[in-house]
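Student: Handing you a structure now.
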Amino acid sequence: MREVAIDLWEIFAEQRNQVLRLDRWYKNRLDVGELPAVPRTKNENHVYLRDRASTGWARLVVGTVAQALYLDGMHTTGVRDNSPLWQIWQVNALDRGQVSAHRSALAHGMAYNFMRPVVSPMTGKTFVKIRSVSAKRATAVYADDADQHPMYTLEAVRQPNGSWHVIVNDDTTEWTFSLGVGDSPAQMEYVTDRPHGLSVPPCVRLACLSDLEGEVEGEIEPFIPVFGRIDQDTFDRLVVQRWGAHKVRFGSGIAKPKTDEERRAASVELREGELLIAEDPAARFGTLDATPLDGYIKARDADIRDLAAVTQTPPHHLLGQMANLSAEALAAAEASLMRKVDERKHFFGEGWEMTLRLAGLMSPQDAHRQAAMDFEAQVRWKDTESRSLNQVADALSKIAGGLGIPFEMLWERIPNWTAQDTEDAKALIEEQRA
């Protein structure tokens, strides 16, 4: 197994380098080669402006999608209540954890969920711990691109002394290795192993978008050239704004002062009402016009609109231009974004369903293991689409009255309505009936 671990480390190291590059764009911590180009005759002022020209558009693009991805429950077949597997979700505090997992997967193209039974320090009972791990720290290898479960997984944990704790999973066993600081993969040493209790590695990949060849794609990598163009536009404008956006006063035909005393005497600070006088009749005074900034601003706005088009991000999210839009106009402006969000929900939804099923199979509770075999149970996403509450209420009232649909089925269509709201409403109704 050690040879497999060494091969996996090579794959992981290559993937990690690619992910670290995407992470720099996401966190706006670019290397010098990724920052805007500066003139050949650069000085410290050019470097100062270059370091401030990077705006961090990648985080905005990722955040716009991530803020529309919130899991709110998991329905069991034929039952309106949540599946018993949702208890595993709540125990692992994944209402919060899903945000980090989604943002990591959107930025890097993928993230990984690892499962392992642990003993709770508060209750002393065994439960399944679900850990979402960044692609900077883990990788998975599949026997076939169409497989749902990986053949091998690797997780690398950096130790305080700089060494690596390497955990490799196959279909039956969890293997642990160590890699010292500065050591080559060939120097990896075996530490221990233990069975994990499943017939597949206890890991699920959360892919942002995947093709038939198994290649994943996030919200940053395809658009790095556009991010770079916008940063270059910003830098060029800052340079012109610093040195060319002011009128320059000049005087010609005036003898240059020869001493410091003459230079101080000739130095004049123009104020309102001041008058420039030269004894030489050939002297001339005038101004040089400032360089217009309109072209630079329009070029930047054009590139931002390109970014909005290729990322399906509403332009008003990027340009900050929104003038009293109605709920219908806002929904129309965000229609393209919501179609992309729906596509991401299919990928992430399947990933979370597989995660909860594997966790259910590892759980010591019979109800969780039985629920894990319900392959028709599906996660429920919170409705984050922009709609008028009055419009939604009117539509739901007509649907309930005209089609005879039980109103309990329409609760989840109410904006910002949660699964807990449903449970509270049911309890209140039962209390009133009693």
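Student: What are the residues in segment 302-342 that are modelled with pLDDT of 90 or more and either open to solvent by 60 Å² or more (accessible area, probe 1.4 Å) or on the phi > 0 side of the Ramachandran plot (or both), if any?
Tutor: Across segment 302-342, the qualifying residues are 305, 306, 309, 310, 312, 339, 342.
Student: Let me ask something additional. So which residues in segment 34-46 are under 13 Å from residue 231 (Cβ atoms) and exposed (fewer than 15 other Cβ atoms within 10 Å of the Cβ)? Show your work before the answer.
Tutor: Of the residues in segment 34-46, the ones under 13 Å from residue 231 (Cβ atoms) are 34-38.
Hit for segment 34-46 is 37, nothing else.
Student: Can you name the residue in segment 106-145 that is part of a strand (DSSP E or B) and basic (Lys, Arg) and, of all such residues, is farthest from residue 357 (Cα to Cα)?
Tutor: As a first pass, look at segment 106-145 and keep what is part of a strand (DSSP E or B): 110-119, 126-134, 138-141.
From what's left, basic (Lys, Arg): 116, 129, 131.
Numbers: 116: 13, 129: 13, 131: 15 Å.
Looking at residues that are part of a strand (DSSP E or B) and basic (Lys, Arg), I get 131.
Student: Turning to a different aspect of this structure: Just to be sure before I move on: is residue 143 on the phi < 0 side of the Ramachandran plot, at pLDDT 95 or above and not aromatic (Phe, Trp, Tyr) in the structure I sent? If you could, list the steps in order and put the result at the bottom.
Tutor: On the way: on the phi < 0 side of the Ramachandran plot: yes; at pLDDT 95 or above: no; not aromatic (Phe, Trp, Tyr): yes.
No; evaluated as a whole, the condition is false for this residue.
Student: Kindly indicate which of 81, 72 is of a type in the set (D, E, K, R), touching a helix residue (DSSP H, G or I) at 6+ places or on another chain (Cβ under 6 Å), within 27 Å of residue 420 (Cα to Cα) and at pLDDT below 90.
Tutor: Numbers: 81 fails: touching a helix residue (DSSP H, G or I) at 6+ places or on another chain (Cβ under 6 Å).
Testing whether each residue is of a type in the set (D, E, K, R), touching a helix residue (DSSP H, G or I) at 6+ places or on another chain (Cβ under 6 Å), within 27 Å of residue 420 (Cα to Cα) and at pLDDT below 90 leaves just 72.
Student: Just to verify a result, which residue in segment 82-100, among those that are closer than 21 Å to residue 208 by Cβ and surrounded by fewer than 16 Cβ atoms within 10 Å (Cβ to Cβ), is farthest from the chain's Cα centre (by Cα)?
Tutor: 95
Student: Condition (residue is in contact with a Leu (Cβ under 8 Å, 6 or more places away or on another chain), at pLDDT 75 or above, surrounded by 10 or more Cβ atoms within 10 Å (Cβ to Cβ) and acidic (Asp, Glu)) applied to segment 231-243: is it met by at least one residue? Working first, answer last.
Tutor: Pass one, segment 231-243, residues in contact with a Leu (Cβ under 8 Å, 6 or more places away or on another chain): 231, 235, 237-242.
With at pLDDT 75 or above added as a condition, the list becomes 231, 235, 237-242.
Pick out the ones that are also surrounded by 10 or more Cβ atoms within 10 Å (Cβ to Cβ) and you get 231, 235, 237-242.
Checking which are acidic (Asp, Glu) leaves us with 231.
Yes, segment 231-243 has at least one match.
Student: Residues of segment 198-218 being charged (D, E, K, R) and closer than 15 Å to residue 134 by Cβ, which ones? Steps first, please.
Tutor: Step one: of segment 198-218, the residues charged (D, E, K, R) are 205, 211, 213, 215, 217.
205 - this is the single residue of segment 198-218 that is charged (D, E, K, R) and closer than 15 Å to residue 134 by Cβ.
Student: Take segment 420-434 and flag every residue that is more than 14 Å from residue 81 (Cβ to Cβ) and of a type outside the set (S, T, N, Q).
Tutor: Residues of segment 420-434 that are more than 14 Å from residue 81 (Cβ to Cβ), as a first pass: 428-429, 431-434.
Across segment 420-434, the qualifying residues are 428, 429, 431, 433, 434.
Student: Can you name every residue in segment 110-135 that is open to solvent by less than 10 Å² (accessible area, probe 1.4 Å) and without any contact (Cβ under 8 Å) to a residue 40 or more places away in the chain?
Tutor: Hit for segment 110-135 is 133, nothing else.
Student: Now for a different question. Could you please give the count of residues in segment 1-57 that are hydroxyl-bearing (Ser, Thr, Tyr) and over 29 Å from the mean Cα position of the chain (by Cα)? So that I can check it myself, show each step before the final result.
Tutor: As a first pass, look at segment 1-57 and keep what is hydroxyl-bearing (Ser, Thr, Tyr): 26, 41, 48, 54-55.
Imposing the further condition that a residue be over 29 Å from the mean Cα position of the chain (by Cα) reduces the set to 41.
Residues meeting the conditions: 1.
Student: Please find, within segment 279-301, the residue that is nearest to the chain's Cα centre (by Cα) out of those that are open to solvent by 50 Å² or more (accessible area, probe 1.4 Å), among the aliphatic types (A, V, I, L, M) and under 18 Å from residue 242 (Cα atoms).
Tutor: Among residues in segment 279-301 that are open to solvent by 50 Å² or more (accessible area, probe 1.4 Å), among the aliphatic types (A, V, I, L, M) and under 18 Å from residue 242 (Cα atoms), the one nearest to the chain's Cα centre (by Cα) is 297.
Residue-wise test of (1) closer than 15 Å to residue 6 by Cβ; (2) among the hydrophobic types (A, V, I, L, M, F, W, C); (3) free of Cβ contacts under 8 Å to residues at least 24 places away in the same chain; (4) buried (at least 18 other Cβ atoms within 10 Å of the Cβ).
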{"residue": "144", "(1), (2), (3), (4)": "no, no, yes, no"}
{"residue": "148", "(1), (2), (3), (4)": "no, no, no, no"}
{"residue": "157", "(1), (2), (3), (4)": "no, yes, yes, no"}
{"residue": "161", "(1), (2), (3), (4)": "no, no, yes, no"}
{"residue": "169", "(1), (2), (3), (4)": "no, no, no, yes"}
{"residue": "175", "(1), (2), (3), (4)": "yes, yes, no, yes"}
{"residue": "180", "(1), (2), (3), (4)": "yes, no, yes, no"}
{"residue": "183", "(1), (2), (3), (4)": "yes, no, yes, no"}
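Student: Please list, ordered by first then second residue, the pairs with beta carbon atoms under 7 Å, 6 or more apart or interchain, first in segment 191-203 and more than 23 Å from residue 354 (Cβ to Cβ), second of a type in the set (A, V, I, L, M, F, W, C).
Tutor: If the second residue must be of a type in the set (A, V, I, L, M, F, W, C), the pairs left are 191/177; 193/175.
Student: On to the next question. Suppose the filter is open to solvent by 70 Å² or more (accessible area, probe 1.4 Å) and at pLDDT 80 or above; does residue 357 pass it? Lay out the reasoning, then the answer.
Tutor: Details: open to solvent by 70 Å² or more (accessible area, probe 1.4 Å): no; at pLDDT 80 or above: yes.
Considered against the rule, which asks whether it is open to solvent by 70 Å² or more (accessible area, probe 1.4 Å) and at pLDDT 80 or above, residue 357 comes out as no.
Student: Considering each of 20, 60, 49 in turn, give the residue that is open to solvent by 20 Å² or more (accessible area, probe 1.4 Å), in contact with a Lys or Arg (Cβ under 8 Å, 6 or more places away or on another chain) and in a helix (DSSP H, G or I). Full working, then the answer.
Tutor: Numbers: 60 fails: in contact with a Lys or Arg (Cβ under 8 Å, 6 or more places away or on another chain); 49 fails: open to solvent by 20 Å² or more (accessible area, probe 1.4 Å).
None of the other options fit; the residue is 20.
Student: Could you check segment 283-298 and list, in sequence order, the residues that are of a type in the set (A, V, I, L, M, F, W, C), within 21 Å of residue 251 (Cβ to Cβ) and in a loop (DSSP other than H, G, I, E, B)? Can you show your working first?
Tutor: So the first thing to find is which residues in segment 283-298 are of a type in the set (A, V, I, L, M, F, W, C), and the list is 283, 285, 288, 290, 293, 297.
Adding the requirement that they be within 21 Å of residue 251 (Cβ to Cβ) leaves 283, 285, 288, 290.
Passing the criteria: 283, 290.
The values are calculated or read from the model by the stated rules, or taken from the named source; none is laboratory data. Please read all numbers here as calculations on a predicted model, not as lab measurements. Backbone-built Cβ (ideal geometry, glycine too); neighbour counts: all protein chains shown. Calculation scope for accessible area: heavy atoms of the full protein, side chains included, ligands and nucleic acids excluded. Shrake-Rupley method; radii C 1.70, N 1.55, O 1.52, S 1.80 Å.
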